[in-house]
Amino acid sequence: MKKKLRLPIPPLFQSIRTKSQTISIIMILAFLNMCIGCSYYKAKSIKTNSDTFASKYNSIKKTDRYLIIHSGNQIWHLINMTINEDQKEITGSLLLVNDTHALYPLKENQKSRHYNKSKASGKTLEIHFYTNESINTSSTSQVVIPFSNIKEIKVYQPDTGKKILSIVGFTVATLAVIAIIIVATKSSCPFIYVKEGNTYAFTGELYPGAILPTLERTDYLPLPNFVAQNEEYEIKITNELLEIQYTDLAQLIVVNHSIKNEVLLDKNGKLHTIIKIETPENSTSNNRPITIKPSLEKDTNAYLFDEANFTDKGMNNIVLTFRNTSQSHQAKLILSAKNSLWFDYVYGKFNEQFGSFFNHFQKQQLKVPAEKNIEWRNEQGIPLSVFVKSNNEWVLVEKLNPVGPMAFRDLIIPIDLEKINTPKIEIKLECGYMFWEVDYAAIDFSKDISLPIQNINPYVAIDENGKNVTYLLDKEDKNYLIQPSIGNEVTIKYHVASPEKGEKQSVFLKNRGYYTYLRDYKGIPNFAKLKTFREKGALSQYSKEEYSRFNTASNLTEIVFNHE
């Protein structure tokens, strides 16, 4: 018996390295279900098959997107686009690009480009296709573009000019172009927006993974490039999911420091300074050498923990080697990482096994001690575990909580090297199969500088109905701001004094809370399958099996939209 998959479609996501045409499909499929960090169910169900997919796509409203083709030095507006799945090509007509559509190109490291909304009537989502080879534009009435000729896709959000998707250098397989477009034009799961000028930019997610009251925790979210306007910071917390969110605290932590240094907070909120970083000398994955390049830059060219050869516990790992020339007794590991979109899909498939029993299971979980849930997560490789080698043994340093799949987050992990008197330091990162992505890794052996920390409570917080809810967010007291419905939002403002000359300001959002899912799964629970997930590493093994299934599937269209 086949059942429909709901098609969750977020607009705000980061690109991932794609190693084959299958992973292109996997990236799309990753939006299909919930994850432990955040769930994507603001969706439109599409019942289709390989024969009807193109017509279904063409029936979707097109007025909310503007397609632009970049071919060599030329740019064109593509209209009347159709998809030919059999021929694996796009066809359409070309027009000159309207002047109001100019959210490109972004400068290096530029996240968004502001524009005057009053002068940009009809501004819609922009989807940009970049071709490998020039297309024949001698007849603009009809052009044909093979999927294989598309080397890059970029998507810009209309309200902010923010680049919300960039996929580079992958082979576009059947469905890839189609599904990416559909994905990019729908709503998603941003939790935190920060105000930039007259617009709001998506930045990250609140307390990811706290899916039960017993798992409530305090989270420290960096707000990079957040600049005060007239000594005022402004953020939005929104609910765009089928879940109920309970936020107990939304406090800013502000640190003024030298422009020559950077600062980060660890998972416990302790401040660390970054003065001199060292990049890894080499890296291995499950004892096999791998390229070091992905760790050298924050460029979304990430380690995917996708090597086929597992450890005995079903985990996947990478080992990074650093040279400790200063023979320091302390170190700080710096990572840019996030949960993978593939993990969304796998965790959603796991929850589907509960069928109509799911909500009852959720109620049962309220009685389960947090320690038991955390133990199961650890055994399944859901956290990112950090180890250091000492006397030829791996010593656990820390297990990093989920950070969500929508944006890479900068993390810092202090490491005690007092008992490690070696010129080289080996660090192992371990998790379940394709559960995390690590975009950047470095280490700093310098001593932390003591810096004053400002804890800034909001001076006003107004919800979508105009109600003042400041008292719900200014202290940790279990008096929650409850956001039960899609569309709930709160705008929060903070007064912060400007830094002294020669200093800059780093800002973090100290947040605390939890959320609960709203699900309506159907069908008979698959208790036999669910029992298998009691074993250590079972979820990781399941992830690998699911990936292998897609990797060998002959009809990917059928798998995307219908499954057994």
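A few notes on this one:
- Each Lys or Arg adds one and each Asp or Glu subtracts one; over the other residues with Cβ under 15 Å from the Cβ of ILE482, this totals -4.
- Using a cut-off of 28 Å between Cα atoms, the listed pairs LYS478/LYS501; LYS298/LYS478; LYS424/LYS544; LYS338/LYS510; LYS372/LYS467 include LYS478/LYS501; LYS298/LYS478; LYS424/LYS544; LYS372/LYS467 as exceeding that distance.
- Taken one residue at a time, the phi angles of segment 431-438 give Karplus couplings (6.51, -1.76, 1.60, θ = phi - 60°) of 7, x, 4, 6, 7, 10, 10, 10 Hz. Gly and Pro are set to x.
- Net charge contributed by nearby residues that have their C-beta within less than 12 Å of PHE533 (K/R +1, D/E -1): +4
- Report note on the peptides 424-431, 254-261, 463-470: ranked by the mean count of other C-beta atoms within 10 Å, highest first, their order is 424-431, 254-261, 463-470.
- For the residue pairs LYS447/LYS504; LYS236/LYS293; LYS151/LYS276; LYS267/LYS419; LYS332/LYS504; LYS475/LYS536, the alpha carbons lie more than 27 Å apart in LYS236/LYS293; LYS151/LYS276; LYS475/LYS536.
- Judged by the gyration tensor of its Cα atoms, with axes a ≥ b ≥ c, segment 310-429 is prolate; a/c meets the 1.5 cut and a/b is the larger of a/b and b/c.
Quick note: the coordinates plus some simple rules give every number you see, no bench work behind them. Quantities reported herein were computed from a predicted structural model and do not represent experimental measurements. Neighbour counts run over all protein chains shown; Cβ positions are idealised from the backbone, glycine included.
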